[in-house]
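Input: a single structure, listed below in structure tokens.
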Amino acid sequence: MRPGIDLAGKRVLVVGLARTGVAVSLFSAAYGASVTATDLRPETQLGDSVEKLRAAGVKLELGGHTPARFLEHDLVVLSPGVPARLPAIEMARARGIPVWSEIELAWRFLRGKLVAITGSNGKTTTTALVSHILKTAKIPTLVGGNIGVPLLSLVEYSDDLTVTVAEVSSFQLEGIEAFRPDVGVLLNLTPDHLDRHASFEEYASAKMRMFENQLERDAAVLNADDPEVTRRLPSRPQPYWFSRKKRVAQGVFLQDRQIVFRHYGDEIPLARLDEISLRGAHNVENVLAACAAAYLGGADPASIAAGVKSFRGVEHRLEFVAEIGGVEYFNDSKATNVDAARKAIEAFPGRLIVILGGKDKGSPYVPLREALERRATLVILIGAAAEKIAADLGDVVPIERAGALDRALEVAQTHARPGDVVLLAPACASFDQFDNFEHRGRTFKELVAKLEHHPPSENASMASGAPKG
């Protein structure tokens, strides 16, 4: 039985008015709470949401936070982009006021089973694939969380037969209290968000909170090939491992190019390896994890096989955009950290022109050196992190600085020759030049579409002195 919360008459403070904060404010007001919402931005930057909030009776404090206001409420709910250690938030905690993320509030109202997926990389692809498989199995399925739809928006559509599949981030897991998924999935752990978390250990601890409230009847789906995951084994839930390198005692592994689920000695074929349409070894891991989660979520083997075969990936994740003059363009704007960019680069055999850069997240770019040296003919740098990336990469690959994405594609078009791949895999956040990674990815695709109407001539390409490799 989930612990409930009666919002009627409660004084709720919502901090941050992006998509999640608006959803929390409207939900809480609809359930009878007295809601105040605060944001650092002025009203002119908040768009149509202001009218909706005021119409719902939400009081607004915009253009800054009033610290004393945090102490006047019964509950504080943070949007994912709000740092959890703001002095006013610490004051509220010290006073004993609950400070939650949106997923904690939503979980108390959601009905049915919850499959929650986290990790440094692959969350969106795995979340989308699990929901695709469950829908293929005709199981009533909802999908949301960090993938773009706040969980609170799904509450009214959930019932006792529903399986909700949620992508959850370290920012969201920082603010849980009783949140407990029936199936929790941890894909991997590599350094990320070190501009917000004080250390990798703090970041990893936030991820591991996924499992802290699980019971023995719950499932933890874990990456047996990731040493940072295996040394942090949760104590209470049933562990189900996934591995593309070895047989596991319980969980999913590869055997004779079959994806096999092993449970109490029984081995159940789920899908064929050669039916995975996604590029890269990292996506094999994502598929293995998704198969385990979907099976534990109630999908039958035939539906899992059909779902894996028919899944074509998600936007902004190694997304094929176009082929122009024999050059292929791929959009991996979701590669917002170094490990994700490395895996994207390693998904191709070579002859890559890679666009890197954006807002630095505090991690070194040195781990990209080996993959770029073996596969790339040119790196084009954009955004605020360009000089740090250039210093970390050294001379392992030719580098050109383009500044902005439109100029980067002009440079790429000049150097590319038939058979090359132009890959956007920034290894950085997007906020220096774009609203989010989706905005960056859409812009990339729009710019590529313009190139289709002005493909380079063969003579121009040859005259450019394109790097060979």
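Structure summary
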{"quantity": "Single residue of segment 227-258 satisfying the filter (in a strand (DSSP E or B), over 22 Å from L215 (Cα atoms) and touching an Asp or Glu at 6+ places or on another chain (Cβ under 9 Å)) that is least open to solvent (accessible area, probe 1.4 Å)", "calculated": "S243"}
{"quantity": "Pairs, first within 16 Å of V284 (Cβ to Cβ) in segment 304-328, second open to solvent by 30 Å² or more (accessible area, probe 1.4 Å) and assigned to a strand (DSSP E or B), C-beta under 9 Å, six or more apart", "calculated": "A305/P269; A305/R272; V308/R272; K309/R272; G313/E319; G313/F320"}
{"quantity": "Some residue of segment 436-447 being crowded, with 21+ Cβ neighbours inside 10 Å and at positive phi", "calculated": "no"}
{"quantity": "Flag if I117 is of a type in the set (A, V, I, L, M), open to solvent by 10 Å² or more (accessible area, probe 1.4 Å) and either out of contact with any strand residue (DSSP E or B) (no Cβ under 6 Å at 6 or more places or on another chain) or at pLDDT 95 or above (or both)", "calculated": "no"}
{"quantity": "Segment 191-225, subset in a loop (DSSP other than H, G, I, E, B), modelled with pLDDT of 95 or more and not small (G, A, S), residue nearest to D339 (Cα to Cα)", "calculated": "D225"}
{"quantity": "Candidates S277, S205, S235, filtered to the one that is farther than 23 Å from L114 by Cα and hydroxyl-bearing (S, T, Y)", "calculated": "S277"}
{"quantity": "Filter result (hydroxyl-bearing (S, T, Y), more than 21 Å from L270 (Cα to Cα) and either surrounded by 24 or more Cβ atoms within 10 Å (Cβ to Cβ) or over 11 Å from the mean Cα position of the chain (by Cα) (or both)) within segment 121-167", "calculated": "S153, Y157, S158, T162, T164"}
{"quantity": "Matching residues in segment 339-373 - criterion: being in contact with a Lys or Arg (Cβ under 9 Å, 6 or more places away or on another chain), under 23 Å from S199 (Cβ atoms), touching a residue at least 60 places away in the same chain (Cβ under 8 Å) and open to solvent by less than 10 Å² (accessible area, probe 1.4 Å)", "calculated": "A340, G358, Y365"}
{"quantity": "Segment 308-339 - residue that is assigned to a helix (DSSP H, G or I) and modelled with pLDDT of 90 or more and, of those, nearest to L129 (Cα to Cα)", "calculated": "V308"}
{"quantity": "Pair list, Cβ < 8 Å and 6+ apart or interchain, from segment 397-420 residues that are of a type in the set (S, T, N, Q) to residues that are part of a helix (DSSP H, G or I)", "calculated": "Q413/L451; T414/A460; T414/S461"}
{"quantity": "Per-region count, segment 302-338, residues in contact with a helix residue (DSSP H, G or I) (Cβ under 6 Å, 6 or more places away or on another chain), open to solvent by less than 30 Å² (accessible area, probe 1.4 Å) and among the small types (G, A, S)", "calculated": "5"}
{"quantity": "Qualifying residue in segment 14-36 (condition: closer than 29 Å to K113 by Cα, charged (D, E, K, R) and open to solvent by 60 Å² or more (accessible area, probe 1.4 Å))", "calculated": "yes"}
{"quantity": "Residue within segment 97-107 that is surrounded by fewer than 20 Cβ atoms within 10 Å (Cβ to Cβ) and at pLDDT 95 or above present", "calculated": "yes"}
{"quantity": "Scan of segment 414-445 for residues that are more than 16 Å from N337 (Cβ to Cβ) and among the polar types (S, T, N, Q), ordered by number", "calculated": "T414, Q433, T443"}
{"quantity": "Evaluation of K135 against (1) farther than 21 Å from I5 by Cβ; (2) outside any helix (DSSP H, G or I); (3) of a type in the set (D, E, K, R) (one fails), failing number", "calculated": "(2)"}
{"quantity": "Scan of segment 127-152 for residues that are of a type in the set (G, A, S) and touching a Leu at 6+ places or on another chain (Cβ under 9 Å), ordered by number", "calculated": "S131, G144, G145"}
{"quantity": "Scan of segment 266-277 for residues that are open to solvent by 20 Å² or more (accessible area, probe 1.4 Å) and either touching a residue at least 12 places away in the same chain (Cβ under 8 Å) or within 19 Å of R312 (Cβ to Cβ) (or both), ordered by number", "calculated": "E267, I268, P269, R272, L273, D274, E275, I276, S277"}
{"quantity": "Condition met for R407 (touching a helix residue (DSSP H, G or I) at 6+ places or on another chain (Cβ under 9 Å), closer than 21 Å to H316 by Cα and open to solvent by 30 Å² or more (accessible area, probe 1.4 Å))", "calculated": "no"}
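Results for (1) out of contact with any helix residue (DSSP H, G or I) (no Cβ under 7 Å at 6 or more places or on another chain); (2) touching a residue at least 12 places away in the same chain (Cβ under 8 Å), shown as yes or no for each residue.
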site	(1), (2)
A224	no, yes
W241	yes, yes
K245	yes, yes
V260	yes, no
Y264	yes, yes
R279	yes, yes
A290	no, yes
Y295	no, yes
A299	no, yes
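The values are calculated or read from the model by the stated rules, or taken from the named source; none is laboratory data. Only a predicted model underlies this, so the values are computations on that prediction, with no experimental measurement involved. We place every Cβ from the backbone using ideal geometry, glycine too, and count neighbours over all the protein chains shown. Each accessible area value is taken on the protein alone, full model and side chains, heavy atoms only, with ligands, DNA and RNA left out. Shrake-Rupley method; radii C 1.70, N 1.55, O 1.52, S 1.80 Å.
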